[in-house]
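S.K.: Next up is a structure, given as structure tokens.
The values are calculated or read from the model by the stated rules, or taken from the named source; none is laboratory data. Bear in mind the structure is a predicted one, so any value in this text is a computation, not a measurement. Because the Cβ atoms are built from the backbone with ideal geometry, glycine has one as well, and the counts that use them run over all protein chains shown. Remember, those area values only see protein heavy atoms, side chains included, never the ligands or the DNA or RNA. Shrake-Rupley method; radii C 1.70, N 1.55, O 1.52, S 1.80 Å.
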Amino acid sequence: MAAPTSDADWSRVRLHVVTGKGGTGKSTVAASLALGLASQGQQVLLCEVEGRQGIARMFDVDPLPYAERRIATGLRHNGTPPGVVHALHIDPESALLEYLSMYYKLGRAGRALDRFGVIEFATTIAPGVRDVLLTGKVFEAVRRNSRNKGAISYDAVVLDAPPTGRITRFLNVNDELAGLAKVGPIRSQADTVMTLFRSPRTVVHLVTVLEEMPVQETADGIAELTRAGLPVGAVIVNLVRPRDISPADLEAARDGTLDASRVATDLEEAGVDVADGLVDGLLAEAHDHAERRALEDAQRAVVAQLGRPTYELPRLAGGVDLGGLYELAADLKKQGLA
Ligand SMILES: Nc1ncnc2c1ncn2[C@@H]1O[C@H](COP(=O)(O)OP(=O)(O)OP(=O)(O)O)[C@@H](O)[C@H]1O
Ligand SMILES: [Mg+2]
């Protein structure tokens with residue numbers, strides 16, 4: 001399969017935001033991208049903000065705390081020492097406590113607020129506050145550098161982000177905040193966050209599968225992000241079926257004109273005992289596969305029209321384990337995304 005490649009240059013990007021319709025593979029792609037970047041020697045932070053511990057599950061480790069944990073090493077490439085992937089599970093309550101203790105030195109007082117339910121009030125009653133805290137922590141990790149003593153500084157941060165339907169609002173929450181606070185520290189913090197998110201150092205990648213609804217959602221997402229002035233990155237087409245059958249055979253399978261007796265003879269020659277109904281069953285499966293492939297090809301053409309650099313990842317038989325993540329990482333690297 002000639003995977004679509006692109007000569008886009010992502011080397012200046014510091015924050016890779018990975019969104020997409022639910023279940024299309026955002027978390028898988030974010031993790032693979034982080035591993036791919038680490039395989040180039042970069043120090044990478046992989047963040048999640050949805051409170052689901054997906055990273056821990058994918059890397060088969062205990063649930064992540066609110067602390068950066070070394071989680072994997074990139075593959076060695078051309079003799080360069082690989083970088084490390086750290087992971088961080090960002091939850092709004094911990095982010096708020098950290099924020100309070102940093103800015104107001106409210107170490108113990110912060111915990112008292114927690115006891116009185118103030119933290120819960122701030123993070124559940126006011127959903128906007130939640131997103132300000134989550135994006136604020138991501139911002140802090142990206143902006144960090146060697147002057148921040150004791151903290152690890154990263155070459156790249158990969159965010160396993162909320163789905164397409166919520167991503168623009170999520171990334172734009174600081175814009176709303178800036179609109180509310182006309183002056184002062186909140187206003188300037190909100191402005192700095194938006195400056196980063198709208199700069200070429202940030203990209204929002206969209207993961208899709210080759211089906212009508214997710215592709216449509218991708219198109220809508222690109223339009224919405226663009227309207228909000230947020231930088232759209234690549235489209236990553238995930239779960240692509242193998243393309244090893246010739247167009248002529250696919251067409252015959254679809255039209256029901258595959259030669260049943262030829263299939264039976266081939267099977268017998270391969271030592272298969274051709275029981276009643278076996279060939280009919282296989283032809284029906286071939287028909288379904290060919291139909292799905294035709295739908296996929298139609299959606300692939302729609303994706304090409306989106307005008308974004310596009311990358312494809314195969315559907316791994318048997319799902320994605322840690323080895324699978326490295327496999328997908330190598331694929332992204334080969335295609336030039338990582
Ligand atoms: N390329 C692939 N090959 C095989 N299985 C895959 C592939 N990509 C993802 N999967 C599987 O599909 C499921 C959904 O993937 P994932 O959790 O990454 O999606 P998501 O978009 O993050 O979902 P959610 O919206 O629930 O956060 C998982 O079980 C994952 O292992
Ligand atoms: Mg996920």
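S.K.: Going by what's in this entry, would Leu64 be described as assigned to a helix (DSSP H, G or I), at pLDDT 95 or above, away from ligand 1 (no atom under 14 Å from the Cβ) and among the hydrophobic types (A, V, I, L, M, F, W, C)?
M.R.: no
S.K.: Could you please find all residues in the range 10-60 being under 13 Å from the mean Cα position of the chain (by Cα) and without any contact (Cβ under 8 Å) to a residue 40 or more places away in the chain?
M.R.: Gly23, the sole residue that qualifies.
S.K.: I'd like the full set of residues that are among the charged types (D, E, K, R) and open to solvent by 50 Å² or more (accessible area, probe 1.4 Å), limited to the range 37-53.
M.R.: Of all residues in the range 37-53, those among the charged types (D, E, K, R) come to 48, 50, 52.
Listed by number, the residues that qualify are Glu50, Arg52.
S.K.: Moving on. Here are some conditions: (1) within 16 Å of ligand 1 (Cβ to nearest atom); (2) of a type in the set (Gly, Ala, Ser); (3) surrounded by fewer than 18 Cβ atoms within 10 Å (Cβ to Cβ). Ala329 meets all but one. Which one does it not meet?
M.R.: (3)
S.K.: With Ala275, Ala301, Ala317 as the choices, which residue is exposed (fewer than 12 other Cβ atoms within 10 Å of the Cβ) and over 30 Å from Val209 (Cα atoms)? Let's see the steps before the verdict.
M.R.: On the way: Ala301 fails: over 30 Å from Val209 (Cα atoms); Ala317 fails: over 30 Å from Val209 (Cα atoms).
Going through Ala275, Ala301, Ala317 in turn, the sole match is Ala275.
S.K.: Now for a separate question. Check off (1) farther than 21 Å from Leu15 by Cβ; (2) more than 15 Å from the chain's Cα centre (by Cα) for Ser153 and give me the number that stays unchecked.
M.R.: Single failed check for Ser153: (1).
S.K.: Something else: Name the residue that is farthest from Arg166 (Cα to Cα), counting only residues in the range 230-245 that are in a strand (DSSP E or B) and of a type outside the set (Gly, Ala, Ser).
M.R.: The first filter runs over the range 230-245 and keeps only residues in a strand (DSSP E or B), leaving 232-240.
Checking the rest, the ones that are also of a type outside the set (Gly, Ala, Ser) come to 232, 235-240.
Details: Val232: 15, Val235: 17, Ile236: 18, Val237: 20, Asn238: 20, Leu239: 23, Val240: 25 Å.
Selected residue: Val240.
S.K.: Identify, from the list Ser94, Ser153, the residue that is modelled with pLDDT of 70 or more, open to solvent by 40 Å² or more (accessible area, probe 1.4 Å) and not charged (D, E, K, R). Walk me through how you get there before you give the answer.
M.R.: On the way: Ser94 fails: open to solvent by 40 Å² or more (accessible area, probe 1.4 Å).
Just a single option satisfies the conditions, and that option is Ser153.
S.K.: Also, quick follow-up: Considering only the range 216-229, state which residues are buried (at least 22 other Cβ atoms within 10 Å of the Cβ) and of a type outside the set (Ser, Thr, Tyr). I'd like the intermediate steps shown before the answer.
M.R.: Taking the range 216-229 first, the residues buried (at least 22 other Cβ atoms within 10 Å of the Cβ) are 218, 221, 225.
Gly221, Leu225, listed by residue number.
S.K.: Of everything in the range 174-215 that's of a type in the set (S, T, N, Q) and under 23 Å from the mean Cα position of the chain (by Cα), which residue is most open to solvent (accessible area, probe 1.4 Å)?
M.R.: First, the residues of the range 174-215 that are of a type in the set (S, T, N, Q): 174, 188-189, 192, 195, 199, 202, 208.
Subsequent filtering for residues that are under 23 Å from the mean Cα position of the chain (by Cα) retains 174, 195, 199, 202, 208.
On the way: Asn174: 3, Thr195: 90, Ser199: 18, Thr202: 3, Thr208: 0 Å².
In this case the residue turns out to be Thr195.
Listed here are the residues, each with its yes/no results for (1) in a helix (DSSP H, G or I); (2) more than 16 Å from ligand 1 (Cβ to nearest atom); (3) more than 21 Å from Val158 (Cα to Cα).
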| position | (1), (2), (3) |
| --- | --- |
| Ala286 | yes, yes, yes |
| Arg308 | no, yes, no |
| Gly318 | no, no, yes |
| Ala338 | no, no, no |
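S.K.: A further question follows. Report whether or not Ala264 is aliphatic (A, V, I, L, M), without any contact (Cβ under 8 Å) to a residue 12 or more places away in the chain, assigned to a helix (DSSP H, G or I) and open to solvent by less than 80 Å² (accessible area, probe 1.4 Å). Steps first, answer last, please.
M.R.: Numbers: aliphatic (A, V, I, L, M): yes; without any contact (Cβ under 8 Å) to a residue 12 or more places away in the chain: no; assigned to a helix (DSSP H, G or I): yes; open to solvent by less than 80 Å² (accessible area, probe 1.4 Å): yes.
The answer is no for Ala264.
S.K.: Hey, another quick one. Within the range 14-36, count every residue that is more than 10 Å from ligand 2 (Cβ to nearest atom) and open to solvent by 10 Å² or more (accessible area, probe 1.4 Å).
M.R.: The number of residues fulfilling the criteria is 2.
S.K.: Consider Thr5 carefully, then state whether it is more than 15 Å from ligand 1 (Cβ to nearest atom) and either modelled with pLDDT of 95 or more or surrounded by fewer than 17 Cβ atoms within 10 Å (Cβ to Cβ) (or both). Steps first, answer last, please.
M.R.: Numbers: more than 15 Å from ligand 1 (Cβ to nearest atom): yes; either modelled with pLDDT of 95 or more or surrounded by fewer than 17 Cβ atoms within 10 Å (Cβ to Cβ) (or both): yes.
Here the answer is yes, as Thr5 does meet what is asked.
S.K.: Any idea which of Ser27, Ser32 is part of a helix (DSSP H, G or I), more than 19 Å from Arg308 (Cβ to Cβ), within 16 Å of ligand 1 (Cβ to nearest atom) and in contact with a helix residue (DSSP H, G or I) (Cβ under 9 Å, 6 or more places away or on another chain)? Write out each step before concluding.
M.R.: On the way: Ser32 fails: more than 19 Å from Arg308 (Cβ to Cβ).
Unique residue meeting the criteria: Ser27.
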